[in-house]
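To keep things clear, I will list the structure first and then write my remarks on it.
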């Protein structure tokens with residue numbers, strides 16, 4: 001039987017495509033109707049053979065009918081249910097009405113996934129709260145960490161703390177700005193081997209295929225707070241090397257998966 005993966009925040013479907021090619025069964029959630037229409041065409045065969053289910057709704061705490069959904073007119077990966085999300089970076093949003101679904105109802109219908117990727121622009125914590133009370137949990141979770149630029153008044157450690165309370169005690173950082181440099185593991189440790197080039201619209205490797213060191217709750221929290229709230233003046237040298245690698249698309253400097261000001265980050269949580 002194929003293992004189940006949830007792609008919460010499908011966007012253009014790069015992650016969904018990756019999981020399908022690796023041999024997983026996928027449930028993908030996306031509220032942007034234009035993106036869903038393109039995905040329905042792109043993945044027509046996968047939908048037909050029941051390997052993929054696309055839910056064209058926005059995640060909310062409960063199934064509450066319709067909700068306001070904000071689509072950025074220049075960055076379609078910034079779709080969000082929060083009117084204040086990313087407004088300090090770009091204020092060009094349009095508002096539409098979309099139907100809602102709760103993660104709990106999706107789990108109850110499709111089962112608990114082996115891995116869940118969450119990237120829904122500020123509503124990520126809603127998904128984690130929906131996992132409270134389940135005896136069985138995903139072996140792996142990846143979730144985008146918000147920064148002060150996303151939500152000015154958000155508790156920066158809420159996501160990390162809740163993951164720990166759910167039972168996830170080991171964490172890895174995935175620097176999404178250097179996805180282009182990440183390799184497909186062969187022999188594979190998750191699913192089958194695929195040769196896919198990751199980009200800024202991909203989440204990249206997960207689970208046993210994500211390279212990098214493990215961090216504890218305290219270590220990951222301290223690193224996050226230091227970078228965004230108490231940076232060192234010497235961090236400027238690391239930032240420069242990150243920028244140079246990024247623009248040249250070359251590994252001139254071997255970069256760690258660690259926080260810096262020129263990227264965005266997914267936190268990968270591992271269940272013992």
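The values are calculated or read from the model by the stated rules, or taken from the named source; none is laboratory data. Note that the structure is a prediction, hence the values are computed from the model and not measured. Neighbour counts run over all protein chains shown; Cβ positions are idealised from the backbone, glycine included.
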message: surrounded by fewer than 23 Cβ atoms within 10 Å (Cβ to Cβ), touching a strand residue (DSSP E or B) at 6+ places or on another chain (Cβ under 6 Å) and under 18 Å from residue 191 (Cβ atoms): is that true of residue 25 in this structure?
response: yes
- line: Reported set for region 31-45 where residues are touching a strand residue (DSSP E or B) at 6+ places or on another chain (Cβ under 7 Å) and crowded, with 20+ Cβ neighbours inside 10 Å is 31, 32, 39, 43
- prompt: What residue, of 193, 259, 253, is more than 26 Å from residue 136 (Cβ to Cβ), at pLDDT 85 or above and part of a loop (DSSP other than H, G, I, E, B)?
  reply: 193
- prompt: Applying the selection to region 125-142, what residues are surrounded by 21 or more Cβ atoms within 10 Å (Cβ to Cβ) and at pLDDT below 95?
  reply: 127, 128
statement: Within region 1-16, the residues that are over 16 Å from residue 120 (Cβ atoms) and free of Cβ contacts under 8 Å to residues at least 60 places away in the same chain are 1, 2
- request: Would you check if residue 212 is touching a strand residue (DSSP E or B) at 6+ places or on another chain (Cβ under 6 Å) and either at positive phi or at pLDDT 85 or above (or both)?
  value: yes
query: Can you name the number of the only condition in (1) within 16 Å of residue 128 (Cβ to Cβ); (2) in contact with a helix residue (DSSP H, G or I) (Cβ under 7 Å, 6 or more places away or on another chain); (3) modelled with pLDDT under 90 that residue 163 fails?
result: (3)
query: All but one of (1) buried (at least 21 other Cβ atoms within 10 Å of the Cβ); (2) at pLDDT below 95; (3) in a loop (DSSP other than H, G, I, E, B); (4) touching a strand residue (DSSP E or B) at 6+ places or on another chain (Cβ under 6 Å) hold for residue 122; which doesn't?
result: (1)
- prompt: With respect to the numbered conditions (1) within 14 Å of the chain's Cα centre (by Cα); (2) surrounded by 16 or more Cβ atoms within 10 Å (Cβ to Cβ), which one is the sole condition not fulfilled by residue 191?
  reply: (1)
field: Hey, residue 51 touching a residue at least 60 places away in the same chain (Cβ under 8 Å) and in contact with a helix residue (DSSP H, G or I) (Cβ under 9 Å, 6 or more places away or on another chain) or not
entry: no
query: For region 1-76, which fully contained strands (runs of 3 or more DSSP E) count at least 3 residues that are farther than 27 Å from residue 95 by Cβ?
result: none
Answer from 146, 156 - the residue that is under 14 Å from the mean Cα position of the chain (by Cα) and at pLDDT below 85: 146
statement: All conditions in (1) over 17 Å from residue 113 (Cβ atoms); (2) at pLDDT below 95 are true of residue 2 except (1)
